[in-house]
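Here is the structure we will look at, set down as structure tokens.
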Amino acid sequence: MTEEEMYATYKGVYLPKVVHSSESLKYYEEFSFRPDDILIVTYPKSGTTWMQEIVPLIMSQGDPELVDTVPNWDRVPWLEETRACNLNLDQRPSPRVFITHFQYNMMSTGFFKVKPRVIYVMRNPRDVFTSYFHFSGMASYLVTPGTQTEFLHKFLDGKAIFGSWFDHVKGWMSAAEQQHIMYISYEEMILDLEASVTRIAQFLDTPLDSEMKRKIAERCVFKNMKKNKMSNYSLVPSEFMDPNVSEFLRKGKGYCRRLEESSNCSRGGLL
Ligand code: A3P
């Protein structure tokens with residue numbers, strides 16, 4: 001099926017109709033943010049799922065109960081997704097944690113008024129592209145990507161869901177008010193996850209001792225997090241996400257020029 005058949009255009013970008021109904025988009029537009037909400041913002045395939053693990057562990061002072069028992073889509077709901085309307089989010093205690101893939105100029109009036117805490121995660125576009133290519137093959141609600149070259153043209157032209165990576169990063173990086181936004185890169189997390197946990201915990205005003213930071217980082221490294229069925233999407237029916245085509249937690253690598261030679265950091269590349 002084509003983009004025209006599977007996607008709706010919302011504020012200038014494609015969104016898959018199956019996961020974003022007009023009711024869910026209206027729900028998002030009218031959503032009441034609280035100043036202590038934590039909003040994880042990403043272009044798709046930039047580390048959203050990773051943050052859905054790290055942030056709850058920081059907020060629980062390392063207690064793994066929530067991440068071990070609640071799937072990430074309920075633990076840290078996706079605000080503009082259809083399911084969000086049915087989760088009674090207004091009754092959740094503070095601090096609530098959400099994700100969104102929206103570009104800066106797509107955010108609601110309520111967001112700009114309340115200014116909740118934002119963690120903006122960005123990732124090298126080469127690896128985003130590769131991850132997005134494989135994901136588009138395994139998720140039935142996305143248009144099949146075709147060849148890598150075909151998908152590359154769509155990616156560069158912003159014809160993938162949530163629009164252009166370039167517009168996304170540029171918009172959020174030039175946000176008018178940045179005091180409530182923390183910027184972090186996927187590559188920084190690959191290079192030193194414990195230091196990244198420390199930085200995120202500081203931003204969230206949640207002091208952690210060094211043992212706790214070490215434990216959270218250890219739990220969230222790719223090979224360990226991949227085993228958590230509440231986070232690895234293995235609970236999703238295969239008609240929706242087919243692990244035989246590609247796993248959701250696929251390779252978990254980041255391209256970091258500075259430490260190219262290091263075993264900690266290797267290039268995802270066009271595989
Ligand atoms: P790859 O496809 O390159 O492996 P998102 O959650 O935004 O959709 O991003 C998915 C990407 O993040 C996938 O990249 C996935 O493997 C990676 N990822 C998820 N958890 C990770 C972790 N703990 N460490 C490193 N990468 C992780």
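The chain: longest stretch without exposed GluC sites (Glu not before Pro) (DSSP loop, at most 14 other Cβ within 10 Å), sites themselves excluded? Longest run free of exposed loop sites: 31-176. Short-range pairs are left out: with C-alpha atoms under 8 Å and at least six residues apart, the relative contact order of the chain is 26 percent. What's the carbon and sulfur percent of the stretch 3-262's accessible surface, probe 1.4 angstrom, rounded to a whole number? Heavy-atom surface of the stretch 3-262 belonging to carbon and sulfur, 1.4 Å probe: 53 percent. Based on protein heavy atoms only, the chain ends up with 47 Å² per residue of surface accessible to a 1.4 Å probe. Most simply put, the chain has about 25% antiparallel DSSP beta bridges, counting only bridges with both residues inside it.
Sparse packing (at most 16 other Cβ atoms within 10 Å of the Cβ) combined with a DSSP loop state is found for the following chymotrypsin sites (Phe, Trp or Tyr not before Pro) in the stretch 128-206: Tyr141.
The values are calculated or read from the model by the stated rules, or taken from the named source; none is laboratory data. These figures come from a predicted structure and were not determined experimentally. Please note: Cβ atoms are built from the backbone with ideal geometry, for glycine as well, and neighbour counts cover all protein chains shown. For accessibility, only protein heavy atoms count, side chains too; no ligands or nucleic acids. Shrake-Rupley method; radii C 1.70, N 1.55, O 1.52, S 1.80 Å.
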